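Comments concern the structure below.
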Amino acid sequence: MIIERLSREHRNIETLLAVLERELEIFDRGGHPDYEVIRAIISYFELYPEMYHHPQEELVFAKLELRDPAAAAKVGNLTLEHQKGTQRLRRVAQAIDSVLADREMLRQNVDTIVRDFIENERRHITMEERYFFPAALTALKPVDWAEIALASTNHEDPLFSEAAEETFDALRARILQMEQESEAGRR
Ligand SMILES: [Fe+2]
């Protein structure tokens with residue numbers, strides 16, 4: 001089921017946001033966060049939500065706009081929200097690059113940028129689960145879901161293939177493993 005899958009992906013995203021937040025707290029205390037973990041999380045966000053999760057949600061949203069425009073209006077401009085998320089992610093990547101390149105950057109600014117990303121992602125997920133997913137489940141017809149499934153499991157497109165999904169699973173698993181190792185090393 002598409003919505004179940006998107007919700008499951010939200011749980012994965014939340015896990016990575018929690019890891020990122022923990023690393024940020026270490027940074028805020030003036031400690032040494034694991035930049036490899038942070039970079040891997042940024043890479044994950046650049047890949048998975050950008051290339052798979054968001055496009056799939058936008059397919060669902062396009063159907064919702066047709067079936068129930070009022071409900072879609074309540075959700076707002078999903079594509080624009082996703083684009084803003086992309087911009088926030090880009091700022092995070094730039095801030096971390098600056099830190100790693102030893103460029104002058106106030107710790108406070110890095111904290112603000114990363115925290116802004118984390119908080120907005122969480123807010124966005126909450127909004128989707130509260131308004132968007134229930135509305136889609138109510139309004140979309142079986143034929144809509146069938147069309148979305150067809151559009152997103154086109155095996156000619158490497159981004160939407162099962163192999164691509166396994167790559168993302170592997171990357172996420174690697175991040176969590178790195179985090180565990182990093183945590184063990186800090187003890
Ligand atoms: Fe989402």
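The values are calculated or read from the model by the stated rules, or taken from the named source; none is laboratory data. The shown structure was predicted, so the numbers you read here are calculated from the model rather than taken from an experiment. In this analysis, Cβ positions are derived from the backbone assuming ideal geometry, glycine residues included, and neighbour counts consider all displayed protein chains. Remember, those area values only see protein heavy atoms, side chains included, never the ligands or the DNA or RNA. Shrake-Rupley method; radii C 1.70, N 1.55, O 1.52, S 1.80 Å.
All conditions in (1) away from the ligand (no atom under 16 Å from the Cβ); (2) more than 30 Å from D28 (Cα to Cα); (3) crowded, with 16+ Cβ neighbours inside 10 Å hold for I113, with the sole exception of (2).
Checking each residue in the stretch 2-53 for being within 12 Å of the ligand (Cβ to nearest atom), open to solvent by 10 Å² or more (accessible area, probe 1.4 Å) and among the aromatic types (F, W, Y) picks out only Y48. Against the conditions (1) open to solvent by 60 Å² or more (accessible area, probe 1.4 Å); (2) within 22 Å of the chain's Cα centre (by Cα), K63 satisfies every one except (1).
Residues that are within 13 Å of the ligand (Cβ to nearest atom) and over 21 Å from S7 (Cα atoms) within the stretch 54-108 are absent altogether.
Every residue, every condition in (1) in contact with an Asp or Glu (Cβ under 8 Å, 6 or more places away or on another chain); (2) assigned to a helix (DSSP H, G or I), yes or no:
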| site | (1), (2) |
| --- | --- |
| L47 | no, yes |
| F61 | no, yes |
| R90 | no, yes |
| V99 | no, yes |
| M105 | no, no |
| D111 | yes, yes |
| F132 | yes, yes |
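Condition (residue is of a type in the set (K, R) and modelled with pLDDT of 90 or more) applied to the stretch 95-106: is it met by at least one residue? No, the conditions are met nowhere in the stretch 95-106.
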